[in-house]
Amino acid sequence: MQTLKQLLVGGLTLIASAVIAQHDVQLPLQYGIQQMISNPAMLQDHKISIALPSVSSGFFTPISVNDAGEIRNGTLIIDPDQFILRLEERGNDMSFNSTVETFAFNFRHKGWQVGVSHRARIQGNLDLPRGLVQLAAYGNARYVGQELQLAPNINATAYQEIGINGAYTFYENFTVGARVKYLLGSAAFTTTTANASLYTDPDFYETTVTSNVTFKTSGFPVDITEEGISIGDLDGYSGAGNGWGVDFGGVYRTEKMEVGLSVRDLGFITWKDNAQVHRSNGEYTFSGYQGNIFNDDGFEFDVEGTIDTIVGELEFATTEQQFTTKTPATVQGTFRYELAKKTTLNATMYAANANSWHTGFGVGLGQQVGKFLHVGALAGMKRGGGYLGANLLLDLWGPQFYIACDNVLSAANLTDANDSYFRAGINLTFGQIKRSRTVKGWYDTKVEGINK
């Protein structure tokens, strides 16, 4: 499993089609049990709700396919000059997240509910420095007298979470909820220091690399030699580390309005299996690199060869050492107002941490169409610019089929997209709570008597 090099090469080809993820803005505003992923205080309107296996994934990249090159016969062909022009020296952050929700169960009675869930998740981010791409494309001869930043900043984790959630309503219109999660780590790659620069002296053409690089790995063996970096296969899917996480939230309702606030994915994982710390700190003579933007067939960007060349020149010391990573947290607020019996005004604001904090907001509508269909739309601004999201759930008196996309415009034209998010799955529901004067989730009617 060439994880490091796949992440770096993926940093280029992710521009075309990666499973790399954006925050799911619509999640707390969509009808169904998936609301509780974002806010465990969201009461469901069925006594029993079950989420069957579902998938979600997305991406954010500051550079689209058309910014970097073009697709020919299914292959991304990079225009190096065009690509380099659009890169910053640093801060080219690309974030990713992919989730398989294997199972979730929720039981509600009047104003309280409890449930369990299991999910498998992959998430992380990559900062690809411009200097690494410049060296890969043209070598160091073109950049004599200039300092190139070479070290990418990579943070990625794969883990499973087993959660127990609960919610209770106080004073008939204020519900609080929480989810406690046991985290089982599969693999981790985290960068704590990423400073490596290359300089070619214009008088003597002597090339040196100054490095202060520290990265940590777990879940797979890593071997660094003069020939580059070799990364072995995963040891398993749940034995590399463990930890705990928590989500919590609150919802306040009146007869026509609902305001919610949640904080989720507060947690940590301590990595133990094959846990290694790799350090390089010093100044090294570099033999130079000619650059190679093509493979033997003349089509692909040879970043992998560049990485091995650089790593082979540096002296890395590897120690066996446990370490701890934090899960990236999200804070989200929501607002819903009942414009009509089956029409809802929705709004949300959020702040999410993916290497750095970023924010967004959206305003939209939710509409029930007949007895079986719930649809929604949300438009706003987030990292990557403006977006238009849409979601649909078909409720067939038991089975529920849903699909959602946070940026339908980018989904229609992925080669120009900077971000998108997709989610789809199936739920089962039993025992719909009938509309009456004595119950209230958002999709019930009134608040009085909820705990009686």
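The values are calculated or read from the model by the stated rules, or taken from the named source; none is laboratory data. A quick note: this is a predicted structure, and the numbers were derived from the prediction, not measured. Backbone-built Cβ (ideal geometry, glycine too); neighbour counts: all protein chains shown.
Of note:
- Candidate set from the stretch 419-433 (those that are among the small types (Gly, Ala, Ser) and surrounded by fewer than 16 Cβ atoms within 10 Å (Cβ to Cβ)); member that is nearest to Pro62 (Cα to Cα): Ala424
- From the options Thr192, Thr157, Thr208, residue that is surrounded by fewer than 17 Cβ atoms within 10 Å (Cβ to Cβ) and closer than 28 Å to Trp357 by Cβ: Thr192
- Annotation note: Cβ proximity below 8 Å between a residue of the stretch 83-107 that is closer than 25 Å to Cys405 by Cβ and touching a residue at least 40 places away in the same chain (Cβ under 8 Å) and a residue that is of a type in the set (S, T, N, Q) and surrounded by fewer than 19 Cβ atoms within 10 Å (Cβ to Cβ) (sequence gap 6+ or interchain) occurs for Asp93/Asn355; Asp93/Ser356; Ser95/Asn355.
- Scan of the stretch 364-418 for residues that are part of a loop (DSSP other than H, G, I, E, B) and surrounded by 14 or more Cβ atoms within 10 Å (Cβ to Cβ), ordered by number: Arg383, Gly384, Asp406, Asn407, Ala417, Asn418
- Taken over the stretch 180-235, the residue count meeting the criterion of being of a type in the set (Phe, Trp, Tyr), more than 24 Å from Ala156 (Cβ to Cβ) and in contact (Cβ under 8 Å) with a residue 24 or more places away in the chain is 2.
- In the stretch 115-151, the residues that are surrounded by 23 or more Cβ atoms within 10 Å (Cβ to Cβ), hydrophobic (A, V, I, L, M, F, W, C) and either assigned to a strand (DSSP E or B) or modelled with pLDDT of 90 or more (or both): Leu126
- Pairs meeting the criteria (first residue in the stretch 318-337 and farther than 27 Å from Gly362 by Cα and of a type in the set (Lys, Arg), second residue assigned to a strand (DSSP E or B) and at pLDDT 90 or above, beta carbons under 6 Å, at least 6 apart or on different chains) are Lys326/Phe268.
- Residue within the stretch 230-240 that is in contact with a Lys or Arg (Cβ under 9 Å, 6 or more places away or on another chain), in a strand (DSSP E or B) and surrounded by fewer than 17 Cβ atoms within 10 Å (Cβ to Cβ) present: no
- Taken together, Gly243, Gly239 contain a single residue that is free of Cβ contacts under 8 Å to residues at least 60 places away in the same chain and either touching a Pro at 6+ places or on another chain (Cβ under 6 Å) or within 28 Å of Ser117 (Cβ to Cβ) (or both), which is Gly239.
- In the stretch 50-102, the residues that are touching a strand residue (DSSP E or B) at 6+ places or on another chain (Cβ under 8 Å) and assigned to a loop (DSSP other than H, G, I, E, B): Leu52, Pro53, Thr61, Pro62, Asp79, Glu89, Arg90, Gly91, Asn92
- Thr208 vs. criteria within 25 Å of the chain's Cα centre (by Cα) and in a strand (DSSP E or B): no
- Among the candidates Ala158, Ala151, Ala141, Ala137, residue that is within 19 Å of Gly245 (Cβ to Cβ), in contact (Cβ under 8 Å) with a residue 40 or more places away in the chain and not polar (S, T, N, Q): Ala158
- The stretch 163-186, subset farther than 17 Å from Ser262 by Cβ and of a type in the set (S, T, N, Q), residue surrounded by the fewest Cβ atoms within 10 Å (Cβ to Cβ): Asn173
- Looking only at the stretch 252-280, and only at residues there that are out of contact with any Gly (no Cβ under 6 Å at 6 or more places or on another chain) and of a type in the set (Ser, Thr, Tyr), the one that is surrounded by the fewest Cβ atoms within 10 Å (Cβ to Cβ): Thr254
- Search result, residues across the stretch 317-359 that are within 19 Å of Thr191 (Cα to Cα) and among the β-branched types (Val, Ile, Thr): Thr318, Thr319, Thr324, Thr325, Thr327
- Residue that is farthest from Gln35 (Cα to Cα), among those in the stretch 310-336 that are of a type in the set (Phe, Trp, Tyr) and modelled with pLDDT of 90 or more: Phe323
- The stretch 254-272 - residue that is over 23 Å from the mean Cα position of the chain (by Cα) and either modelled with pLDDT of 90 or more or in a strand (DSSP E or B) (or both) and, of those, farthest from Asn195 (Cα to Cα): Met257
- Residue, nearest to the chain's Cα centre (by Cα), within the stretch 97-114, restricted to residues that are β-branched (Val, Ile, Thr) and surrounded by fewer than 16 Cβ atoms within 10 Å (Cβ to Cβ): Thr102
Residue-wise test of (1) hydroxyl-bearing (Ser, Thr, Tyr); (2) within 27 Å of the chain's Cα centre (by Cα); (3) closer than 19 Å to Thr217 by Cβ.
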position: Asn140; (1), (2), (3): no, no, no
position: Gln149; (1), (2), (3): no, yes, no
position: Ile154; (1), (2), (3): no, yes, yes
position: Arg179; (1), (2), (3): no, yes, no
position: Leu184; (1), (2), (3): no, yes, yes
position: Ala187; (1), (2), (3): no, yes, yes
position: Leu198; (1), (2), (3): no, no, no
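- Take the conditions (1) of a type in the set (A, V, I, L, M, F, W, C); (2) in a strand (DSSP E or B); (3) touching a Ser or Thr at 6+ places or on another chain (Cβ under 6 Å); Leu183 misses just one of them, which is (3).
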